[in-house]
Amino acid sequence: MDIGTVLLMLGLSYALGLLWYDLLPGRLPERVWRVAAYPFLGIYLGEVILAPALAFDPKFGGIHVLSAIIGSIVAVLVDLVVTQVRHPAVAMRPQPRVA
């Protein structure tokens, strides 16, 4: 893998991470590195798993475009599900009234 391909994957993973995290739940994660880390892993796994199966997938800079998009959105969805399971929303308790 060329250094240019890795840098393209980093830039693409950050851009797709911003897109998916902003569109899906309507908020970015608390830790900034997660915006690029999970989509990067998803793009890598998409290249390994999906790229051989999708013969019609166009290639740009050594990265298959559809595999990268599908892999990044699946990784973001997995991260959102894991975050919800590990940190469920806290229910608001009613405040006691002062008489």
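Read-outs: derived from the displayed coordinates by stated rules, not from any lab. The structure presented is a predicted model; accordingly, all values stated were derived computationally and were not measured. With ideal geometry, Cβ positions are generated from the backbone for all residues, glycine too; neighbour counts draw on all protein chains shown.
The table below lists the values:
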| item | result |
| --- | --- |
| Sorted peptide list for 67-73, 81-87, 12-18, criterion being average Cβ within 10 angstrom, highest first | 67-73, 12-18, 81-87 |
| Cα gyration tensor, the chain - rounded (a/c under 1.5), prolate or oblate | prolate |
| Dipole of the stretch 3-86, positive direction: furthest Cα of L24, S72, A55, with charges on the beta-carbon | L24 |
